[in-house]
Amino acid sequence: MEKFIKWIKSSASDFVLFVMILVLANIASHKAFLRFDLTSQGSYSISQASRSTVKTLTEPLSVKVFFSDNLPAPYNATSQYVKDILVEYKGAANRNFSYQFFNMNKPENQKIAQGYGLRQVQIQQVKNSEVGFKQVWMGLAITYGDSIEVIDGITSDSGFEYNLTTKISKMIAQSDTLAGLGADDKITLTLYASDDLKQFRISGYDDVSAQVQAAFNKVNQKNLNRLSYISKNPQDDEIQEAADLYGLQLFKWQEKDGSEGKGAFGLVIGYGENFRTIPLSIQRSLFGYGISGLQNLEANISDSLESLLSKSTVIGYLTGHDEEGLTNENGEELNFKKLISDMYEFKELNLAEEEIPSNLDTIVINGPKKEIPQEELYKLDQFIMKGGNVMIFADPFQVEQGGYYQQPNYKPIKNGLNTLLESYGAKLESNYVFDEQCYVYQGQGYGNVKMYWAPMLQKKQISQKNVITKNLGYVIFLQPGTITLDAEKAGKNVKATVLAKTSPKAWVETENFQISPQMQAPYDKTREKAENIAVLLEGKFNSAFEKNPSEKDDGDEKSGLSTTTHLSTGTRKGKIFVANTSYITSNQLINESGNEPIAMFIRNGVDYLNGNNDLCTMRTKGLSLNTLSNTGTLLALIVKYFNQFGLAVLVAIAGFIVWRMRIIRRRSIHFRYNPNDSRDLETAKSLNKDGE
């Protein structure tokens, strides 16, 4: 016992206890660890929406990651980001979530990736002072039940969490919908292809059914095998009916006997009364007729199925006043509509003919050119009083094109929206805002052309407090007008946020102006100041009307009883997003992929109005860009040259100082312990004296 007590008091026992504590700490940290995300955007953390999605999984969901090893910069950072963010998902999820990394040096793993539909991507790398290209794997596959989704070509971490969470959410919703179908219920893919069309020797026509069948089999396998496929040769009495109902291609020709021949071609997926027409058509080229749409057939079938089953939030889209349309002259959807189609669905709303449906929470008003009647404005006003949300894209002027040699005319638009907005604390001004801080067009033969009518708003001009714009580095507007705020009219129950404003080098024009590359900034700089071009109003608003314009004053004369449904103040909080330009919703600024900052600005606005704030943050993670143009010219030059040469100079100076200090220290030690060394006696004495 005495020996044990003596050992306890010895240093040996301290060492053993230290080792035991270290082992226990490692075991505990393996089971429960802490991660701290110190980035301003929370780039390495997942949002509450992502946490909620994976926390309630009812079936096993697996993420299979296929990334090549030894990726060059900056792609190696993307690979590490994917690993880190999946750790966050795993920490927030229940036991049904898992992930697995595959070694892509093994041929069998490459075959697995190809089986999921993943492909190698080409990246650029610098090696031995030479720029070359390399084929690598950078994708992942998500499996949930029998459903499979892929995210391929992950060359950047921007928007990764948003893409992954939305994919998982769609799979869960689609799987639940498919699982909820009755045993005999089927989603049917139908190919309408008239046999009589074969006589015209259409390239690929004989094989089209087999190709559709092959694409269908892949989609069906990913969706619980709940789909069925039919290849149909419509009869004469069915051709016109199918063409009218589904919008199929209708063909007519004259037979040899003089009679009229008819045929139809198209691909439709449907369930019950709902259907989607899949892009597959016969097109004419220089080499004759051929089938168009076969290359992306599997993806188009999957997208159409997803659209068919999705329970999208319906958004009203005001019509009847020459608003901007949702399709072009060929009937093709504009990018603005595609931008929101993954979660939302536009429903055209003509208030002259109908009331606002009770299932609508948001209405979009996009570029009305005609004045909106008071009765319709009143419906919008009362919708807002009940907590409805409105997204407004207005235009100060209508552009009327002149003759061939004439400049366009700019006619002020009186759309009536100020009747509402002025009561809510905002006003659309009839002017155009031009800005010296603008988009610069680099045209051949013209040099750099400053497009003053396309202000480029840097981070300083974008609200950093609202999630709509917080992570955006810049946004380009086109032909905007000023929005004036009046807090007194808005009242204490309304909060106004300036989402976007121009630089201090902006000015306005109200008349006698022309938009052209020959424009010049004004000589009088006192005209220049920052202008608000997009704002957000939130709260309980005061009605713009004292009563319903269409409501009669006569009540019941006998009893003296009268009634009204008019709301003078808001009963619930509403939101109003206002931008004084509709050009930002056009294909000029929104590309097909919807990855431009202005597209994310608009989509974030839609999400915010519909209560999906977390999606705004997820979508714009990593997009915040601090450019040197945010600073003054002198500071920009200083930062530029410091980054190029300053760090190298500082390292050289630090190295020189360390080198000299080591020499001094070495000589000082030498003199202290060997003072009689005559080799460098005088120098050592001098250094020792200085050091002491």
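Observations on the structure shown:
- Pairs with Cβ under 6 Å, 6+ apart, first in the stretch 462-489 and at positive phi, second open to solvent by 10 Å² or more (accessible area, probe 1.4 Å): Gln479/Trp453; Gln479/Tyr583
- Filtered by the rule that a residue be out of contact with any helix residue (DSSP H, G or I) (no Cβ under 7 Å at 6 or more places or on another chain) and either in contact (Cβ under 8 Å) with a residue 24 or more places away in the chain or exposed (fewer than 13 other Cβ atoms within 10 Å of the Cβ) (or both), the stretch 215-229 gives Gln221, Lys222, Asn225, Ser228.
- The single condition from (1) farther than 30 Å from Thr177 by Cβ; (2) assigned to a strand (DSSP E or B) that Gly270 fails is (1).
- Considering the stretch 645-692, the residues that are among the polar types (S, T, N, Q) and in a helix (DSSP H, G or I) include one that is modelled with the highest pLDDT, namely Ser668.
One line per residue, one yes/no per condition, for (1) open to solvent by 30 Å² or more (accessible area, probe 1.4 Å); (2) part of a helix (DSSP H, G or I); (3) at pLDDT 85 or above; (4) more than 17 Å from Tyr439 (Cα to Cα):
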residue: Lys575; (1), (2), (3), (4): yes, no, yes, yes
residue: Thr581; (1), (2), (3), (4): no, no, yes, no
residue: Met600; (1), (2), (3), (4): no, yes, yes, yes
residue: Asp614; (1), (2), (3), (4): yes, yes, no, yes
residue: Leu625; (1), (2), (3), (4): yes, no, no, no
residue: Ser629; (1), (2), (3), (4): yes, yes, no, no
residue: Leu634; (1), (2), (3), (4): yes, yes, no, yes
residue: Ile638; (1), (2), (3), (4): yes, yes, no, yes
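- Test: residue in the stretch 140-160 that is touching a helix residue (DSSP H, G or I) at 6+ places or on another chain (Cβ under 8 Å), free of Cβ contacts under 8 Å to residues at least 24 places away in the same chain and open to solvent by less than 30 Å² (accessible area, probe 1.4 Å): yes
Conditions tested, residue by residue: (1) touching a strand residue (DSSP E or B) at 6+ places or on another chain (Cβ under 7 Å); (2) part of a strand (DSSP E or B); (3) more than 21 Å from Phe397 (Cα to Cα).
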{"position": "Val449", "(1), (2), (3)": "yes, yes, yes"}
{"position": "Val467", "(1), (2), (3)": "no, no, yes"}
{"position": "Met519", "(1), (2), (3)": "yes, no, no"}
{"position": "Thr526", "(1), (2), (3)": "no, no, yes"}
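- Counted residues, the stretch 110-127 - those being open to solvent by 100 Å² or more (accessible area, probe 1.4 Å) and hydroxyl-bearing (Ser, Thr, Tyr): 0
- Cβ-Cβ under 7 Å pairs, at least 6 apart or on other chains, the stretch 74-86 side closer than 23 Å to Leu61 by Cβ, far side open to solvent by 40 Å² or more (accessible area, probe 1.4 Å) and of a type in the set (Ser, Thr, Tyr): Thr78/Thr155; Thr78/Ser156; Asp84/Tyr44; Ile85/Tyr44; Leu86/Tyr99
- Within the stretch 495-509, restricting attention to residues that are open to solvent by less than 80 Å² (accessible area, probe 1.4 Å) and not in a strand (DSSP E or B), the residue that is nearest to Leu485 (Cα to Cα) is Thr502.
- Test: residue in the stretch 265-274 that is open to solvent by 40 Å² or more (accessible area, probe 1.4 Å) and either among the aliphatic types (A, V, I, L, M) or at pLDDT 85 or above (or both): no
- Meets criteria (farther than 12 Å from Val219 by Cβ and in contact (Cβ under 8 Å) with a residue 60 or more places away in the chain) for Phe275: no
- Identity of the residue in the stretch 187-204, in contact with a Phe, Trp or Tyr (Cβ under 8 Å, 6 or more places away or on another chain) and not in a strand (DSSP E or B), that ends up farthest from Leu297 (Cα to Cα): Phe200
- Of all residues in the stretch 132-165, those satisfying the criterion of being more than 17 Å from the chain's Cα centre (by Cα) and polar (S, T, N, Q) are Gln135, Thr143, Ser147.
- Pairs meeting the criteria (first residue in the stretch 325-341 and over 16 Å from Thr277 (Cα atoms), second residue open to solvent by less than 50 Å² (accessible area, probe 1.4 Å) and among the β-branched types (Val, Ile, Thr), beta carbons under 6 Å, at least 6 apart or on different chains) are Asn335/Ile590; Phe336/Thr585; Phe336/Ile590; Ile340/Val606.
- Checking each residue in the stretch 412-439 for being within 20 Å of Glu509 (Cα to Cα) and free of Cβ contacts under 8 Å to residues at least 60 places away in the same chain picks out Pro412, Ile413, Lys414, Asn418, Lys427, Cys438, Tyr439.
- Residue in the stretch 88-109 that is nearest to Tyr144 (Cα to Cα), counting only those that are open to solvent by less than 40 Å² (accessible area, probe 1.4 Å) and of a type in the set (A, V, I, L, M, F, W, C): Phe97
The values are calculated or read from the model by the stated rules, or taken from the named source; none is laboratory data. All figures in this text were calculated on a predicted structure; none of them were measured in a lab. Positions of Cβ are generated from backbone atoms using ideal geometry, with glycine treated the same way; all protein chains shown enter the neighbour counts. Each accessible area value is taken on the protein alone, full model and side chains, heavy atoms only, with ligands, DNA and RNA left out. Shrake-Rupley method; radii C 1.70, N 1.55, O 1.52, S 1.80 Å.
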